[in-house]
Structures are given as C-alpha cells and as structure tokens.
Amino acid sequence: MPLTQSKDILHTHLKKYFGFDHFRSQQESIITSVLEKRDCLVIMPTGGGKSVCFQLPALIFEGVTLVISPLIALMKDQVDGLRANGIPSAFFNSSQSGEEQQDILDQVAKRELKLLYVAPESLAGLSPILNQSHISAIAVDEAHCISSWGHDFRPSYQQLGFLKKTLPQTPIIALTATADKATRQDIVNQLNIPSAQQFLASFDRKNIALEVRAAHDRVSKILRFIEQRPNESGIIYCLSRKSTENLVGKLKNSGIKAAAYHAGLNFDNRNKVQEDFIFDKTQIVCATVAFGMGIDKSNVRWVIHYNMPKNIEGYYQEIGRSGRDGLPARALLFHSYADVIQLRKFAEGAANEEVQIAKLERMKQFSEAPTCRRKILLSYFGEFLQEDCGNCDVCKNPPQFFNGTVIAQKILSTIARLKESEPTGTVIDVLRGAQNASILDKNYHQLSTFGIGKDISWNDWQHYVIQIINQGYCEIAFHKNNTLRLTSFSKAVLFGKTEVRLSKPVDKETKAAVEKEQ
Ligand code: ADP
Ligand code: ZN
C-alpha cells in the first residue's frame, strides 16, 4: 500500500478502533516502520502508549500478529479490551484446554484473528501456524525479560531468538519500558534483530516531584504527609508482606483508609483491593512490588517508597504509577542504610549477584546525591537533561556545604574507640550518649567519645555518616555484620590534615530545625 494512502488509514484506524484523535510522539513513525516490515526496538515509559504501535499495524496487515507477553494473568483482560473495540483477538496459554487451543489454531488458519497473545512457554504449541503466510508481525512485549541484565529476567524469553530464524521476513517489534544500554543491546542480540530501528521516547515525567528523606521515624513522616493531602490517592511500597500489613494497621489507627496488597493474599482479596483502589473506595494501598502491573488509574497523586527499591528501573516504574493524568504528583523515597544492607543480602548468592549489587549501588547513589535527582534518573536511561529540573528536593533546597572536619573526626574517633566492631546505629548511639541496654552492657558509656555529639539529632548524624562513607573516610564491612571501619584516608582526617566538606541536612523537618537554630 502506498505510504500517502496509508497515512489516512492510520488516522482513521486510530479513531475508529482506539478512539484517539492524534498519535502521541513517535507512535506514528513506529507504526510506519512496522508497516514497512522493519524490525524495531521501542523504548517507552509505562503508560507511554506502546500497545497501539503493534495493534494498529496488526489491523492493516494480512494474517495475525503474535504478541509475546509474560503476563498470563493480564492476557484475558487485554483480549477482552481489544474485542470490545471490535478487534478480533485471542490468547494462547497453558490455562487453556487442548480443544480451546486447537480452536484458536483453526481461527488463525481461517484468518479470523488479527492479534494473538501468547506466553513464551506456549509458543511450541503454535508450530502448525508458525509460518510466513499466517504470521504478519511479532510483538515481543516486556522485551527486557530476555536479558539477565534486565530487572525482570525470564528464562523462557531466551528461546525467542528462533523466531527471526524461522520467520526471517516477518518484522519483530520489541517493546519495553526498561532502557539501560546493556539491556537494549542484549534484546537486539538475542532476538537476532541487529538492524532493528530503535525508538527511544523521553523518560522525563516532569509532573512528578521527586524527594528523598532519611528513613528515621518514617511512620510519623508518612502520617504527616497524608494529613496534608486528605483526599489524594496514593501507593506506599514496602519491601515485605509483613511491613505492608503493619503499616496499614498504623494508618488505620490514625483513621486513614488503607489496604494491604501482596502476593500472599488470595486472588479474590487482591482483586478487591485493586478495585476498591481504582474506584476510590480505598485511598491508600500499602503494597509490595507485586502491585501496580497493569493497573490503569490516572489519578494516583503520590507514591511513597517506605523501603529503598532494589534498582532504579523498579523505582522509576513504581513512581510512574502516579500522575498519569499529567497533573502534579509526588514521589517520596525513604532512604535507609538498613534497607541497603537487607537488599544486599537478598542479592548475595543470586545468579546475577554482581549485576544486582551494581544496580543497588546506583540506586543508593541516586538517594544520596547532592545534585538534581531528575538528572541522575534520566542519565540512567541514557537521557541528558540540560538544566536542573527545579522539581526535586535538591533543586528546591540545594545543599549548603560547610567545614565538617570536627564532625567527621568525632565519627571516625568513635569508630576507632569501638574497635571498628559496630554498625552505624551503635556508632550514632555512642555519639549521642544513648543509655540503652546494649550500650550499657558493653560498657560503651565509659568511652571518651560517649555523648560528644548530643547536640546533633540522630537523623543528622546519619546524614553525616552517609557523606563520610561516600567520601571514602570510612566504609561499611558488608561481610562483617555491616560494621563501620576506617579506611586509609581516615588518618588524615583524624590528624587534622584534611578538611572535610559536608552538606547540611535538607530533610524538611531537620531543615526547619536548623533554620530555627540559626
Ligand atoms: P504502555 O504499554 O506503554 O504502558 P499503553 O499502550 O497501555 O501504554 O497506553 C497507556 C495509556 O495511554 C492507555 O490508557 C491508552 O489508552 C492511552 N493512549 C495510548 N495512545 C494514545 C493516543 N495516541 N492518544 C491518547 N491516549 C493514548
Ligand atoms: Zn532537580
């Protein structure tokens, strides 16, 4: 079909089958490229509008477009949605009987279907129709699952390389919201589509204000946050099932409507929680990362990370569930060393341990950065932001640096007096002169540094310790109970030979306190 003619058809189809008046940026060029039977790699954030990019060409092509998707649970909904729009489609997976599967093969042979969703494990069952005359195009959704460098690796995705070999003339369109370079390269290599045209949409979600705060006392910080926005929908992500439930208990005690969501609940329960949230019957959901996939709720106003996410992809995807309507939204992350340590433990022994730990390190750097957070976030996805964003906590409260040598000396000499055998929490307790049992039992109250830092809050000490670690003056021994240890650079500080620059705490509450003191 001549391209000029197809341009009109594209718009007519967009309106007729999807109800949209205009293409979003890049959708049209992606669709044109698919129609020219070129392989494509589409990187677009969640909610960006990837589906139309393969669904619309499917309508124009002869034959059926295969959609490979790992989300069996969502296939039925996706297909129902398409059928409701008048698009003949079906799914093919292990939840179906042999008869049902045969029926679908027959429909493909009779050219009755335009889209067929299939789980990678079930591809073998499609062999009778896996030929060029039946298959018009292949969409590989959530394509990052193919890469062990990706955050959601699925071994079943690794066999997909045979598709291009079996159907060399059929265009493959790989789609994902995960964009780091290594993953991108891996997708192209493994799918055997080296000359795929790459479409990289912007990952910037300007309307989401980014903020990181110290985790200390986070429940009261969360309560205050919610009190200030009484009718807004929000999601609080926690690391464990138990902590979602504990947090719900605490919110309910304060009269806030909240529900827990995690993989330990049965199907009906989870469905109910989702629906109540979507229909605004529940204001807040405290969830593990299991929550949110495939949820299309446009008015989520904020996302809180009660715990540190394990990587930036996950963090980005989760905060991306807020502000889909384009109105101002907020993402608040609580930063805690205890979480980093916990996540390191989870990563240890995993098949791709090194990758996971490197990714966690990037997440940690993001949380501790003294520069515009959006710049860091976007640079992770290979995008460069020229100006600081003006919509993150660092831009709004740029850190003020001061000569922190004495503070650093107090920390380092306490670590030395504790014989490098205690973790951050105990070091701070000694500095602050805490009279708790574990301090007294070990006779730490007799150390000469006991209580030399009473004037500084726990929170602020933590802020300073993090900076001293990041500057290399001490380190966490992850394999020795996370004890704080000195480094080869500590001495110069202890002997007054190096000046240490520290930033003042910018955490809202502590900042207010600092200002009051000044
Ligand atoms: P993704 O798969 O990238 O997460 P979807 O394809 O599910 O995104 O689309 C996200 C939302 O954007 C959906 O609600 C969809 O209806 C809407 N959408 C997609 N394309 C357009 C468009 N051209 N105009 C308006 N809305 C669109
Ligand atoms: Zn910024």
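Here the dipole of region 353-398 is about 140 debye; that uses its Cα centre as origin and unit charges on the Cβ of Lys and Arg (positive) and Asp and Glu (negative). For region 236-304 versus region 326-364, the inter-centroid distance based on Cα atoms is 21 Å. For region 356-423, the gyration tensor built on C-alpha atoms gives an oblate shape. Its axis ratio a/c (a ≥ b ≥ c) is at least 1.5, and a/b is not larger than b/c. Inter-part distance, region 379-405 to region 120-148, computed on C-alpha centroids, equals 43 Å.
Does region 276-397 come out rounded, prolate or oblate, given a ≥ b ≥ c as the square roots of the eigenvalues of its C-alpha gyration tensor, rounded meaning a/c under 1.5 and, failing that, prolate meaning a/b above b/c? Oblate is the answer for region 276-397, as a/c is 1.5 or above yet b/c matches or exceeds a/b. Each 10 Å bin from 0 upward holds the following percent of the Cα-Cα pairs of region 1-130: 11, 42, 35, 12, 0.
Each semi-axis of the equivalent ellipsoid for region 121-219 is √(5λ) with λ an eigenvalue of the Cα gyration tensor; in descending order they amount to 35, 16, 12 Å. Charged side chains reduced to their Cβ positions (Lys and Arg at +1, Asp and Glu at -1) give the chain a dipole of some 1140 debye around its Cα centre. Placing unit charges on the Cβ atoms of the charged side chains and taking the dipole of the chain about its Cα centre, the candidate lying farthest along the positive direction among V493, P168, L333 is V493.
Near P171: Cβ cut-off under 11 Å, other residues only, Lys/Arg at +1 and Asp/Glu at -1. The net charge is +1.
The dipole here belongs to region 384-518: it is taken about the Cα centre, uses +1 on the Cβ of Lys and Arg and -1 on the Cβ of Asp and Glu, and is about 460 debye.
Remark: for residue pairs K181/K221; K16/K257; K206/K281; K114/K359, the C-alpha separation exceeds 30 Å in K181/K221; K16/K257; K114/K359. Which residue, Q386, I68, G433, has the largest displacement toward the positive end of the dipole of the chain when charges sit on each Cβ (Lys, Arg +1; Asp, Glu -1)? Of the options given, the answer is G433.
Set the Cα radius of gyration of region 380-458 against 2.2 N^0.38 Å, with N its number of residues, and you get 1.59. Of all DSSP bridge pairs formed entirely within the chain, close to 15 percent run antiparallel.
When the square roots of the Cα gyration tensor eigenvalues are ordered a ≥ b ≥ c, the ratio a/c for region 63-146 is under 1.5, which makes its shape rounded. Amide H to amide H distances under 5 Å link A139 with L66, V67, I68, I173, where only residues 5 or more positions off or on other chains count and H is placed in the peptide plane. All Cα-Cα distances of the chain, cut into 20 Å bins from zero to the largest, leave 20, 48, 25, 7, 0 percent in each bin in turn.
Comparing S89, I30, L105 along the charge dipole axis of the chain, the residue lying farthest to the positive side is I30, per the Cβ-charge model. Cβ-to-Cβ counts within 10 Å put T166, T288, T178 in ascending order as T166, T288, T178, the fewest first.
Read-outs: derived from the displayed coordinates by stated rules, not from any lab. The structure displayed is predicted, hence computed values, not measured ones. Every residue, glycine among them, receives a Cβ derived from its backbone with ideal geometry; neighbour counts consider all protein chains shown.
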